[in-house]
Amino acid sequence: ELGLFWQSPGGAVRPLTFGLGSYAEPRVSADGRVVVATRYDYRHTLMRIETSGPQAGRVIPLTDGFGGDMDPSAVPAATRVVLSSTRAGSRDLWTANRDGGDRRPLTSGPAQDERPSLSPDGQTVAFVSDRGGQRGIWVVAAGGGAPRRLTDVQPLSHLSWSRDGSAVVYAAAAGTWPGLWSVSVADGRVRQIQTPGAVGEPMWSPVRDVIAYLEASTNPSYVGLSFIAPDGSPGSAKALKAPAISSGFAN
């Protein structure tokens with residue numbers, strides 16, 4: 001959020017705007033008593049896109065956009081979707097029916113809980129939080145309960161579960177560029193997966209042991225899609241090819 005502030009010559013800085021919304025292009029009246037500006041309101045709405053059948057391509061809003069709903073995660077084994085939302089004030093995790101109805105809080109408190117990811121069996125949610133004053137990866141039962149810290153880290157991407165639900169993969173700093181890491185859900189053991197270059201938005205395949213991720217391309221306007229085995233060896237992933245993707249792409 002970008003607010004407006006006022007400072008008289010030699011005086012203290014004081015805010016002119018409060019609450020939600022970003023302000024830009026301020027103009028002051030000739031007598032200095034009135035300020036006009038453009039206010040931008042950003043809404044985050046969950047959307048569903050039909051991918052098959054007679055409604056293929058239809059976009060259906062699931063929430064009204066005033067709750068700050070983001071980061072939806074769903075798996076075939078779960079009947080509910082998990083998301084992050086500011087509808088109760090702070091950014092917490094919520095669950096909802098697949099049509100957006102029956103929304104219920106999953107976490108609460110002043111911490112910023114975000115980037116939820118449902119396990120393949122739909123029973124556990126991994127998420128990023130600053131609980132305890134430090135960013136890290138946490139897990140909580142999808143039905144509710146006390147969150148458990150896995151590791152202290154500043155993930156640079158969303159989280160993605162292994163096929164068997166034993167580990168979570170993510171991108172985080174590794175020297176001069178972002179690297180690929182995994183953390184064990186059982187004991188919090190962290191392991192780096194060696195890659196030949198920078199890593200962005202890793203995603204563990206739900207049907208085979210291969211991790212897809214975005215990497216820098218020789219063309220600065222594009223990123224490449226690469227694949228690697230969880231043990232760090234290219235293996236059969238070498239046979240997988242993908243075209244360059246516009247740098248505006250995100251999973």
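Using the Cα gyration tensor of region 77-144, with a ≥ b ≥ c the square roots of its eigenvalues, what is the shape: rounded (a/c below 1.5), prolate (a/b larger than b/c) or oblate (neither)? Cα axes put region 77-144 in the oblate bin. Among residues other than Y170 with Cβ under 15 Å from its Cβ, the summed charge is +1 (Lys and Arg +1, Asp and Glu -1).
So, counting K/R as plus one and D/E as minus one, what does the shell of residues with Cβ under 15 Å around G101 add up to? Don't skip to the answer; put the middle values down first.
Numbers: positive: R48, R80, R87, R98, R103, R104; negative: D64, D69, D99, D102.
For residues surrounding G101, the net value is +2.
Placing unit charges on the Cβ atoms only, positive for Lys and Arg and negative for Asp and Glu, gives region 1-147 a dipole magnitude near 140 debye about its Cα centre. How would you classify region 23-132 from its alpha-carbon gyration tensor, with a ≥ b ≥ c the square roots of the eigenvalues: rounded for a/c under 1.5, else prolate if a/b is greater than b/c, otherwise oblate? Oblate.
Debye-formula intensities of the chain, expressed as log10 I(q)/I(0) at q = 0.10, 0.11 Å⁻¹, are -0.62, -0.73 (one equal scatterer per alpha-carbon, no solvent).
Stretched out fully, how many nm does the piece from E25 to V59 gain, at 0.36 nm a residue minus the Cα gap? That works out to 8.9 nm of additional length.
Given +1 at the Cβ of Lys and Arg, -1 at the Cβ of Asp and Glu and no other charges, the dipole of region 1-88 around its Cα centre is 100 debye to the nearest 20. Protein heavy-atom surface of the chain, 1.4 angstrom probe: 54% of the accessible area is carbon and sulfur, with nucleic acids and ligands not counted.
Taking the square roots of 5 times each eigenvalue of the Cα gyration tensor of region 82-218, largest first, gives ellipsoid semi-axes of 26, 17, 14 Å.
The values are calculated or read from the model by the stated rules, or taken from the named source; none is laboratory data. Only a predicted model underlies this, so the values are computations on that prediction, with no experimental measurement involved. Using ideal geometry, Cβ is built from the backbone for each residue, glycine included, and neighbour counts are taken over all protein chains shown. Surface accessibility is based on the protein's heavy atoms, side chains included, excluding ligands, DNA and RNA. Shrake-Rupley method; radii C 1.70, N 1.55, O 1.52, S 1.80 Å.
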